[in-house]
Each structure stands twice: as structure tokens, then as C-alpha cells.
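Enquirer: What follows is a single structure, and I will ask about it in a moment.
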Amino acid sequence: MKKLFLYLPEHLSKRQFLLVLSFIVGIGAALAAYLLKWLITTIEHLLTSGFSITSAQGLYLVYPAVGILLCALFIKYVVRDDIGHGVVKILYAISRKQGFIKAHNCWSSVIASAVTIGFGGSVGAESPIVLTGSAIGSILGQRFRLDHRTMMLLVGCGASAAIAGIFKAPIAGLMFTLEVLMIDLTMSSLMLLMVSCLTATCLTYALTGTEAMFYFELTNTFRVERILPSIALGIFCGFLSLYFTRMMNAFEQLFSRFHNLWIKFALGSSTLALLIFLFPPLYGEGYTTINELLHGNAEAVMNNSFFYGRPELLPTFLGLILVVKVFATTATTGGGGCGGTFAPSLFLGCIGGFVFSNLWNKHELLGIYAPETNYALLGMAGVMSGVFHAPLTGVFLIAELTGGYSLFIPLMIVSVSSYLTIHAFEPHSIYSMRLARKGELLTHNKDNSILTLMTLDAVVEKERPQLSPEMTLGQMLQVVSKENGNNFAVVNAAGTLLGVINLQSIRKVAYRSELYRFYSVEQLMIEPTIVLSTSDSMTTVMEKFNHATIYTVPVVNAERKFIGFVSKARLYAYYRQIMKDFSEE
């Protein structure tokens, strides 16, 4: 392997080298996705294969708690790092860490999510595997010491390959990187992403076959009169997405108030176990329920529950699941489990579409028939588009997942309607809203993206000597005489910033040697009109400089300890360099 690492950069052009790396990333992501799916299926089969479908199962009160506990202990004592919210970590790595992701993310998310979901955690495996794929790309970039722009691209390749591999959906993987990770594409970067996606998809085909993930047989083709119910379904999915996003955010904030592992575990595991006991479809990813609804076997959804054998209660049963799914998902992650929101979104969308069509047909609205299986499929695209603010990803993912390409027009109608509905109330996706509040989100706005990629530490000049207030004018001039700058910080013994000496402002006394012993630094220093903090975003830094008449500003930390100086010239030069790197083909 070491010989390969030495051979590739020396004997290949940069473009060829990156194509090879994207190929390797695709293989790694596909293998990780296959392993994760196999682990989840195996654990779930071992635990639930003997259950009777005619009655509620008491073990549903036990399994989820065991899974969350095992995952929480694994993260705390083995990983010793936060691995939750996989896509959020990727967005943060892209926007604030130049694509650097820790090495343990190549395997830790696979193990943690497999245990969580296999034991019943009501989350999806996709976000963990996306983090795994991105980590593989990041580690390769770190190994070859690539620049941050290329690192970001390899992270995107890993994420795209993970989606393409786990769903057998190469186009959706590409769209995911564009819409969710918000990486701008050029022709060269597009080629790398396509290589990763195709590699992952083809390898998954070789391992599991070429069949679509969900079998769907179209029995009712799309008709023009169904445009109105499709728009209505999209609006319904938009509000369902808004409910899921807002409630999940609120429930997560509730868990964040508790810092004790056991309190979080008790609250999360008890909530999840009770919900799964009452509503067994909440167990795991929920893909079995999706298949049953797409096949028209809706009554099978009530197996293993108190509702078994009561088909007249099916709409009520599914409606209650729409309400409580968000609590099951958040209880899983908040209690210590590991998983994402891809599967919950598909699950909610499928049930939401089915319930919508059932109610529409029951009341014979507008005299138009809405096929339940079709609208269950369309609902998946609608909620996916709404929750992730990614209509293209929703359209192509559902089309590739189910082979439902003949419903492309209604898929687009529902996805766009859902996206426009939720965007009117919530401008950010469930992933990006946390980073957007902190000003750490990379977007397609070029200026905002450049500022997000910049770091204050990269432009802080820390080499200038610091002055003490007790120094005489003569002592001070001896210290600064060999320095190029005009501004120097005055600090006390603890390093706290007291003021600033500007050589230009004291030049009248600086040239009079007879005054060297009579003036002290404390007498000559001035209070800086602007001070930057290490916690300031680069947008704030730029705004302060734009409204300032000075060209050099001191930087302090939260305790007002002096860190260094930032000059406007150095800041703008850094901005231009990032812009150049960001825009290069």
C-alpha cells in the first residue's frame, strides 16, 4: 500500500490521480454500505424472526433499550467522540475544517448504527454511511496532503458514493452532493463525483443484484386530471416535513438540557420502546412497511400490534404513526443511539402519501381517483424534498429506488410543491439549520461560501512583540525598532489586552530622546476602536473592517487575552486566494 501511495502521485497527472482516488472512494463507500446493511439485516432477523404476527410483542419493550445502551457505551468508551448527525458533521467539516474528518468515522458509524437499528432504533442507516464514505475521502486527501478544495471534493465523492451504493441510485448520489452538501460543480469535479457514484453502484450491483431497492409495479398511469391532487399532496408533504423538522429540533433541544448519559438513555429508550410496542412499524428503518404499502398490502402494516385484524382502523393507525414517528426518531438519537433521517423521511412520506390518497378517495374530492400505491411512492419524494430541501434528490432517489420512472412528472410536481411549501416557513434543511444559526454553513452564494471557508486564525499575525504598560518610551522603542508594523499590543502580566500603541500617532515624542525616560507605555497607549474576537465569524470580521477607518485590528479570545493582529491587506489577500482556489476549474 505504501508503494501505491508513492507511485500514484509521481506517475500520474493530477487529473488522473484524482480519478483514481475517486474510484477508490467509490469502492470503499460501497463496501461499507454493504457491510452496514448486512449487519442490520442479520441482527434484526436474529431478534425478530420468531415473532407471531397476530399479537403484540413484549420484547419490543426490551430490544430498543438494549440497542441504545450498547451504542451509547460504545461511543463513550471506545470511540470517545461525538458521531451523531452524520451529514451535519460533513457540512461542518466542509465549511469550517477544510474537509478534515477524523479517521475513526471510517468504521465507528457503521458499528454504532448497525447496533442501534438492528435492535429497533427508529432511524436510518444512510447518514452514518454517508459520514463513513466522506471520511474515507477525507482520509485519502489527508494521506496525500491535498489542498482544501480537493479535500472537499473527495468528501463529496464519498458522500455521493455512499448514497449511490446504499440505494443503488447514482444520479441521486450526485444530486445529494449538489443540493444537500452544496458543493458547486465544475466539469472536472462532476467527473470525479460520477466516477465515485458509478463505481459504488456497480459494485453494489455485483454484491446484491440489479433489482431496485423497493419493488413497484405501476397499475395506474399518470393522467392530466391528477395534477391537482399531486399539488395538494406536495403541499401536505411540505407541512408534514415542517412538522417533522420543527418537532425534531424541539425534542433534540430537550435532550440537550441533560448532560448525564443515564438520564438521556432512560428518557430516550423508554420513549422509543413504548412507541415501538404500540406501533411496531416504527422498529428499525421501516423499509418493510414501505414495501407492504407499495405492494398494496396495507393491512400487513398492523402485524404484531394491538390493531391486528382491525382493517377499519388502518387510517387511524397510520395517522398516529405520522404523529409519533418524529418522537421515536429523536428518542433514538437523543438517548444515545446512532442513525439518520433518510429512512424516517422515506417512511413518513410513504405513509403520508398513502393516508392522503385514502382520505382523498374516501371523500371523492373533485371526482378524481388518486391511486394509493402511486401516492405512497409520490409521498416519499415529497417528504424527502421537504425535509432535506432537495427536490432533485427526492425526484431521482425515488425514481431509482422503485423504478418508478413513468411517474417522473408527478414526482416533480409533488417534490417542487413540498419544497416551496416548507421553504416559506423554514429556509434551511434539517441538516443545515444548526450550522446556519452559527454562520458556519456553506452555500451556493459565492461570497458567503468564501467567508465560510475562511478562518480568522489563518490571517492573525502573532509574531509581533507585546508591550507592558510599565515600559518607558525608550525601552519600548528598543523593542519595536526592528519590527515592520506600526501597531503593538499592550498587555498585563496575565496577557490581557489593555490598549494599543500606534507608532504614527506618537511620532512627535518618538523623535525626542530627552523624553524617553519621562513617558511610559501606559501614558501613550490608546483604547482600540475595534477589537475582534476569536469567536467572531468571518462575516462579522469583514463587516467590522468595512465600517472601520483603521487598517490593523487586535484579536482577543473569550477571556480578552491578546492573540495577535489582523490587517485589512492580509485579510483581503486571503479572501482573493480562497476565491481563486474556489473558482478554478
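The values are calculated or read from the model by the stated rules, or taken from the named source; none is laboratory data. The structure displayed is predicted, hence computed values, not measured ones. When we count neighbours, we look across all protein chains shown, and the Cβ atoms used for this are built from the backbone with ideal geometry, even at glycine. Surface areas here come from the heavy atoms of the whole protein model, side chains and all, with no ligands, DNA or RNA. Shrake-Rupley method; radii C 1.70, N 1.55, O 1.52, S 1.80 Å.
Enquirer: Considering (1) part of a helix (DSSP H, G or I); (2) among the acidic types (Asp, Glu); (3) touching a residue at least 12 places away in the same chain (Cβ under 8 Å), say which one residue 285 fails and leave the rest.
Expert: Of everything listed in (1) part of a helix (DSSP H, G or I); (2) among the acidic types (Asp, Glu); (3) touching a residue at least 12 places away in the same chain (Cβ under 8 Å), residue 285 misses just condition (1).
Enquirer: Enumerate the helices (runs of 4 or more DSSP H) found wholly within segment 501-585, keeping only those where 3 or more residues are hydroxyl-bearing (Ser, Thr, Tyr), open to solvent by 100 Å² or more (accessible area, probe 1.4 Å) and closer than 30 Å to residue 472 by Cβ.
Expert: Working: elements: 507-510, 521-524, 538-546, 568-583.
In segment 501-585, there are no helices (runs of 4 or more DSSP H) which contain 3 or more residues that are hydroxyl-bearing (Ser, Thr, Tyr), open to solvent by 100 Å² or more (accessible area, probe 1.4 Å) and closer than 30 Å to residue 472 by Cβ.
Enquirer: If we scan segment 556-564, do we find a residue that is more than 34 Å from the chain's Cα centre (by Cα), charged (D, E, K, R) and farther than 30 Å from residue 146 by Cβ?
Expert: Scanning segment 556-564, I find no residue that is more than 34 Å from the chain's Cα centre (by Cα), charged (D, E, K, R) and farther than 30 Å from residue 146 by Cβ, so the answer is no.
Enquirer: Tell me whether segment 215-231 contains one or more residues that are open to solvent by 30 Å² or more (accessible area, probe 1.4 Å), under 30 Å from residue 337 (Cα atoms) and touching a residue at least 24 places away in the same chain (Cβ under 8 Å).
Expert: Initial filter on segment 215-231 (open to solvent by 30 Å² or more (accessible area, probe 1.4 Å)): 215, 217-225, 227-228, 231.
Narrowing further to those that are under 30 Å from residue 337 (Cα atoms): 215.
Then keep just the ones that are touching a residue at least 24 places away in the same chain (Cβ under 8 Å); that gives 215.
Yes - at least one qualifying residue is present in segment 215-231.
Enquirer: Could you please tell me which pairs satisfy a Cβ distance under 7 Å, a separation of 6+ or placement on different chains, a first residue in segment 296-307 that is closer than 26 Å to residue 370 by Cβ and in contact (Cβ under 8 Å) with a residue 60 or more places away in the chain, and a second residue that is open to solvent by 10 Å² or more (accessible area, probe 1.4 Å) and among the hydroxyl-bearing types (Ser, Thr, Tyr)?
Expert: From residues that are closer than 26 Å to residue 370 by Cβ and in contact (Cβ under 8 Å) with a residue 60 or more places away in the chain, the pairs are 296/373.
Enquirer: Considering only segment 355-383, how many residues are open to solvent by less than 10 Å² (accessible area, probe 1.4 Å) and among the hydrophobic types (A, V, I, L, M, F, W, C)? Write out each step before concluding.
Expert: Here is the first cut: in segment 355-383, the ones open to solvent by less than 10 Å² (accessible area, probe 1.4 Å) are 357, 370-371, 374-383.
Checking which are among the hydrophobic types (A, V, I, L, M, F, W, C) leaves us with 370, 376-378, 380-381, 383.
So the count comes out to 7.
Enquirer: Further, regarding this structure: Please enumerate the residues belonging to segment 302-336 that are closer than 23 Å to residue 255 by Cα and open to solvent by less than 10 Å² (accessible area, probe 1.4 Å).
Expert: Result: 321, 325, 326, 328, 329, 330, 331, 332, 335.
Enquirer: Sort out for me the helices (runs of 4 or more DSSP H) sitting completely within segment 101-210 that have 2 or more residues that are touching a residue at least 24 places away in the same chain (Cβ under 8 Å), open to solvent by less than 30 Å² (accessible area, probe 1.4 Å) and out of contact with any Ser or Thr (no Cβ under 8 Å at 6 or more places or on another chain).
Expert: Numbers: elements: 108-118, 126-143, 148-167, 170-179, 187-208.
By residue number, 108-118, 126-143, 148-167, 187-208.
Enquirer: Only one of 93, 65 is of a type in the set (A, V, I, L, M, F, W, C), open to solvent by less than 30 Å² (accessible area, probe 1.4 Å) and modelled with pLDDT of 85 or more; which? Write out each step before concluding.
Expert: Working: 93 fails: modelled with pLDDT of 85 or more.
Sole residue among the options that is of a type in the set (A, V, I, L, M, F, W, C), open to solvent by less than 30 Å² (accessible area, probe 1.4 Å) and modelled with pLDDT of 85 or more: 65.
Enquirer: Taking the condition of being open to solvent by less than 30 Å² (accessible area, probe 1.4 Å) and among the small types (Gly, Ala, Ser), how many residues in segment 466-500 meet it?
Expert: Qualifying residue count, segment 466-500: 5.
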